[in-house]
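Here's the structure we're looking at; comments come further down.
Rule-based calculations on the coordinates, nothing more; no lab input. Predicted model only: the values in this text are computed from it and were never measured. When we count neighbours, we look across all protein chains shown, and the Cβ atoms used for this are built from the backbone with ideal geometry, even at glycine.
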Amino acid sequence: MKRIVCIALSALLCCVGTAEAEKQQLHTDMGVVSVKTDSSIKAAARIDDTTHVNTEGKVNSDEKTARMKAASEGFHITPAATPDHVIGQGGPLVMDRQDTKTVQYSNVDAVNRAINAVAMSNVSNAMYGAKGKPWMRRTTLSFQFQEGWKPLYSVETVQPLGHYDNSSRDVWFTQQRISRASDTGTTLNIGVGYRRISKDDRRLYGAHLFYDHRFLNRHDRLSAGLEYMSGESEFRFNWYGSASDERVLDVNLHTLERVANGYTVEYGKTFKNARWARVYVEGYHWNQERQADKNGLRVGSELQLTPRVSVDMGYNKPEHSSGGVYGKITFRLAGAPMAWYGGKHRLEESATVRDKMLNLVRRTNTIFVE
């Protein structure tokens, strides 16, 4: 038994000694490696110094490039922000004109809003102030309520035919209008006119021809008119004549419908220090075969409240019947220079009629039938 114990103790002591020897050998090897590494660094430094001296202060470019490549292979930096030439993924490509590079945006909605903002800015520039397009100033949208508060919607424009500027003495123009009413349906008005101004810009003479078509029951009408303006006063005469035959509405009941012929005479006046306001009085006469002729008088005022919004309101008094009020709200695509709020109140030369050369022709656009 004692012999077995002695053998076990001897084996244990041998294992401990072997482990201690291996530990000592490991420390020795690490020291050798360290010494060799330091020696290599120093040797490289001496070689570098020698190369530096031999080349008069110039380092071999190939060795330097190799060292920088070896250093950069294991050196990575994660940028704090994404470069400005690649922002997001999957968005539209937009060319940056300042840096001449393509920018990719991830937020498509933001890009669309920016495009819309630019487009609306251009539209705003075209519709306001001195940058307003002349053709837009002469185009209007209107809402009108007639007898019995029946609504009527219309779009109307007047444009010159050929060149016209502030030095022109005359102008040919065209005027178009399309309207929609609850009782009469859609009506189309197409006209051409001529206006001439005196040498002192104080008097204006004009004439025009129009063709009117009402799609409901296909009624046609022709009209001719004359205009004369002097200073703040305006005179107008319009004649209207049927250009279509009677329409049969009901064969069994022998119901017929025809266009009524007639004429209108108007006197209007603007004001020297309030060119945004205009008052007028108009007399009208419509011939009717199956009943008494219609005669009446309209008295009203037209006010340019803002550069783009105006109102036309008044009182209509037919003969032998009670009268009623009427009104119209007009919206211009571009601002007018004269306005009660936001525009001029008077011209530098108050007696000139130059600003009326391309005004809308005032006439009765509705086709009356009996």
Inverse of mean 1/r across different Cα pairs in segment 172-303, Kirkwood, Å = 17.1
dims of segment 232-370, Cα set, principal axes, largest to smallest, nearest Å -> 63, 30, 26
Projected label distance in nm at D220 and T157, using a 7 Å step from Cα toward the beta-carbon | 2.5
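Below 12 angstrom from the Cβ of G225, what's the summed charge of the other residues (Lys, Arg +1; Asp, Glu -1)? Don't jump to the answer; show the numbers that get you there.
Values: positive: R195, R236, R362, R363; negative: E227, E266.
In short, +2.
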Using 0.36 nm per residue of separation minus the Cα-Cα distance, give me the extension gain between L141 and S321 in nm, one decimal.
-> 61.7 nm
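Among W286, W149, W135, W276, which comes first, then next, by fewest other beta-carbon atoms within 10 Å? All intermediate terms of the calculation are to be shown ahead of the outcome.
Values: W286 20, W149 11, W135 15, W276 23.
Listing W286, W149, W135, W276 from fewest to most nearby Cβ atoms yields W149, W135, W286, W276.
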What nm value, rounded to one decimal, do you get for the distance between T186 and L209 when each label is placed 7 Å out toward the C-beta?
-> 2.6
Can you give the relative contact order of segment 192-272 as a percent, counting alpha carbon pairs under 8 Å and 6+ residues apart?
-> 23
Put a dot 7 Å past each Cα toward the Cβ at N252 and M313; how far apart are the dots in nm?
-> 4.7
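Over the Cα atoms of segment 163-208, Rg to Rh with Kirkwood Rh, two decimal places?
Values: Rg = 15.4 Å, Rh = 12.8 Å.
Computed over Cα atoms, the ratio is 1.20.
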